[in-house]
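The values are calculated or read from the model by the stated rules, or taken from the named source; none is laboratory data. Please read all numbers here as calculations on a predicted model, not as lab measurements. Note that we place each Cβ from the backbone using ideal geometry, even for glycine, and neighbour counts take in every protein chain shown.
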Amino acid sequence: MLLHMIERLLEIGKCDEMEMNVKKTKVMGISRPPENVEYINCLARVKTYDARCTSEIKSRIAITEAAFNKIKSFSPANWA
């Protein structure tokens, strides 16, 4: 499977006149089979299995609202 993927990558790269340095290419092996997950948080981004961005948009809106409410609570109008 992995060999097939690398061969396919090399084939696609040749179409665009790109080469892969096989000596520097490393592969990470995982001892357990991959899991099917609904979403993951990676580098402050929400990646979903179906590549939709609605959950990321909702997450960003919630973070923005929380930050705004925090700033709003420190305004001079609330000090009286």
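Of all residues in the range 34-48, exactly one satisfies the criterion of being loosely packed, with under 10 Cβ neighbours inside 10 Å, on the phi < 0 side of the Ramachandran plot and within 8 Å of the chain's Cα centre (by Cα), namely Cys42.
Within the range 51-80, restricting attention to residues that are part of a helix (DSSP H, G or I), out of contact with any helix residue (DSSP H, G or I) (no Cβ under 9 Å at 6 or more places or on another chain) and among the charged types (D, E, K, R), the residue that is modelled with the highest pLDDT is Glu65. Residues in the range 13-33 that are surrounded by 10 or more Cβ atoms within 10 Å (Cβ to Cβ) and modelled with pLDDT of 80 or more: 3 in all.
Within the range 59-78, the set of residues being surrounded by fewer than 10 Cβ atoms within 10 Å (Cβ to Cβ) and basic (Lys, Arg) comprises Lys70 only. Among residues of the range 1-14 that are farther than 22 Å from Pro33 by Cα, those with a beta-carbon under 9 Å from a residue that is exposed (fewer than 10 other Cβ atoms within 10 Å of the Cβ) at least six positions away or on a different chain give the pairs Leu10/Glu19; Leu10/Val22; Gly13/Glu19.
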